[in-house]
Amino acid sequence: KAAANEPIESSKSTTESPRFVLPKLDLVCIAFFIWLLGAAYSLAHAVVCYMLFARAVRQKALSPEAWEYECYQQIYPGKKPGFIKSLYVSTPMLMGIARPILVLPKREYNEETLSNIFLHELKHYKRGDLLYKWFTMLVLSLHWFNPLTYFIRGEINRACETSCDEMLISR
């Protein structure tokens, strides 16, 4: 027991409020989150832009003329993508993975030109070039920070087009 004239030791109480302490993030974690955000944005941007484009193409879709559809049916027997014409496109193209369609711009064609267009676009379909192009988009999204991947994607697209053109020329 303390004597009456001895001072009582008081425990020091701090009146400072506790500070919020951020967890220490190392540089690797920060870089990973920046990469992840860039990859997610890049992929989402590509998918959303494609979906908006596909919707616009389908909204401006027109039925092909009877002779054009007949020419299309004679090119290859068997399963083929759908076939439409659209006011929204300026060049023939194949689009869609689950339900592919061949899209032609709205203009006049002669039978030989139309046959060559069909052969070219159906070659893309038979080889699965759309899957290659979406795969390159996925790789590009993962490597969004690397300018070389944009160049490589362009080269892959050019190679797909050139090989289909060479196939037509060889015929």
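The values are calculated or read from the model by the stated rules, or taken from the named source; none is laboratory data. Computed from a predicted model, the values in this text were never measured in an experiment. Methodologically, a virtual Cβ is constructed for each residue, glycine included, from the backbone with ideal geometry; neighbour enumeration extends over all protein chains shown. To get the accessible areas, we keep the full protein, side chains included, count just its heavy atoms, and leave off ligands, DNA and RNA. Shrake-Rupley method; radii C 1.70, N 1.55, O 1.52, S 1.80 Å.
Please determine, by comparing only the residues of the stretch 65-114 that are assigned to a loop (DSSP other than H, G, I, E, B) and open to solvent by less than 20 Å² (accessible area, probe 1.4 Å), which one is modelled with the lowest pLDDT. For the stretch 65-114, the residue satisfying everything is G96. Filter the stretch 137-171 for residues that are touching a residue at least 60 places away in the same chain (Cβ under 8 Å) and among the aliphatic types (A, V, I, L, M); which is surrounded by the fewest Cβ atoms within 10 Å (Cβ to Cβ)? Here the answer is L138. When F118, F135, F151, F145 are checked against the criterion of being assigned to a helix (DSSP H, G or I), closer than 16 Å to H45 by Cα and not charged (D, E, K, R), a single residue qualifies: F135.
With respect to being at pLDDT below 95, open to solvent by less than 90 Å² (accessible area, probe 1.4 Å) and closer than 30 Å to L142 by Cα, A61 falls outside the description. If you go through the stretch 115-136 and keep only what is surrounded by fewer than 16 Cβ atoms within 10 Å (Cβ to Cβ) and within 20 Å of A54 (Cβ to Cβ), you end up with G128, L131, Y132, W134, F135. Looking at L52, L36, L25, which one is modelled with pLDDT under 95 and more than 18 Å from E121 (Cα to Cα)? One residue alone meets the criteria, L25. Consider only pairs whose beta carbons are under 9 Å apart and that are at least six residues apart or on different chains; among these, list those whose first residue lies in the stretch 92-113 and is over 15 Å from Y69 (Cα atoms) and free of Cβ contacts under 8 Å to residues at least 24 places away in the same chain and whose second residue is surrounded by fewer than 10 Cβ atoms within 10 Å (Cβ to Cβ) and of a type in the set (D, E, K, R). Between residues of the stretch 92-113 that are over 15 Å from Y69 (Cα atoms) and free of Cβ contacts under 8 Å to residues at least 24 places away in the same chain and residues that are surrounded by fewer than 10 Cβ atoms within 10 Å (Cβ to Cβ) and of a type in the set (D, E, K, R), there is no close pair. Based on what the data block shows, is Y150 under 20 Å from A98 (Cβ atoms) and among the hydroxyl-bearing types (S, T, Y)? Criteria not met by Y150.
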